[in-house]
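Structure record follows, encoded as structure tokens.
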Amino acid sequence: MKRLGFIHDMMDVKVLILFVAARSNYPMTVQEIYELCYQDECLSYFDVCTAVPELAASGHLCENEDGRFEITDKGRQDGELTADSIAFTVKLRAENAVNRFNRQLRRSSYVKTRVIPREGGDCSVIMSLDDEMGNLMTLELMAPDQRQAVRLSRLFEKKAEQVYNLTMSQLLEDEDELD
């Protein structure tokens with residue numbers, strides 16, 4: 001029986017990995033590569049686990065000290081030559097997945113949180129929001145326990161821009177009255 005989908009052999013897996021790696025702005029783990037490439041039901045995690053070390057050994061990908069992989073110039077050149085062989089729908093879904101991945105990592109580099117235990121069992125939660133120019137806001141809140149501190153940290157990571165905008169609007173709301 002003929003296999004449906006784009007992935008038919010290991011070469012198809014490698015072509016898709018190079019396509020994804022060329023569009024990623026950040027080094028990726030094997031798991032992240034798999035998640036971004038899984039746009040075709042014929043792809044398995046074991047295929048990716050086999051293909052990534054082979055691509056690294058051939059000089060198409062390089063592994064950094066954190067165990068993350070990024071594309072090399074050789075991989076980028078060979079990937080451009082073979083990208084046309086990827087089915088349009090698979091290519092489109094993979095590109096969208098990589099764009100989401102890039103946005104998430106870029107945003108996470110601007111939103112930082114730290115939980116610092118204090119004497120007495122409470123915690124300080126230090127939350128900051130940056131942009132390309134530098135720090136926009138740093139906020140430190142006290143939480144009565146570790147659980148609430150972690151919750152504050154996670155919620156700030158989700159809503160950092162909203163907290164910043166609300167703070168700015170509240171502070172600037174009555175600006176005309178102060179002049």
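Just so you know, all these numbers are worked out from the coordinates, no wet-lab data involved. These numbers come from a predicted model, not from an experiment. Virtual Cβ from ideal backbone geometry, glycine too; neighbours counted across all protein chains shown.
Summary table below
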| quantity | calculated |
| --- | --- |
| Unit charges on C-beta of K, R, D, E only; dipole of the chain, Debye | 840 debye |
| Nearest-0.05 FRET efficiency for residue 66 and residue 9, computed from C-beta distance (R0 35 Å) | 0.70 |
| Relative exposure of 147, 68, judged by other C-beta atoms within 10 Å (fewest first) | 147, 68 |
| Relative contact order (percent, whole number), the chain, Cα cutoff 8 Å, 6+ residue spacing | 17 percent |
| Gain in span if fully extended, residue 148 to residue 174, counting 0.36 nm per residue against the direct Cα distance | 6.1 nm |
| Full-stretch length increase - residue 109, residue 31 - with 0.36 nm per residue and alpha-carbon distance subtracted | 26.1 nm |
| Using a Förster distance of 25 Å, the FRET efficiency for residue 76-residue 54 (Cβ separation, nearest 0.05) | 0.90 |
| Euclidean distance of C-alpha centroids, the range 1-75 and the range 104-179, integer Å | 37 Å |
| Given (i) 194; (ii) 116; (iii) 138, the label whose value is volume of the Cα convex hull per residue in Å³ derived from this model | (i) |
| Only Lys, Arg (+1) and Asp, Glu (-1) charged, at Cβ; the range 108-179 dipole about Cα centre in debye | 860 debye |
| Where N is the number of residues in the range 110-154, Cα Rg divided by 2.2 N^0.38 Å | 1.22 |
| Farthest positive-ward along the range 31-179 dipole, Cα basis, beta-carbon charges - from 34, 113, 168 | 34 |
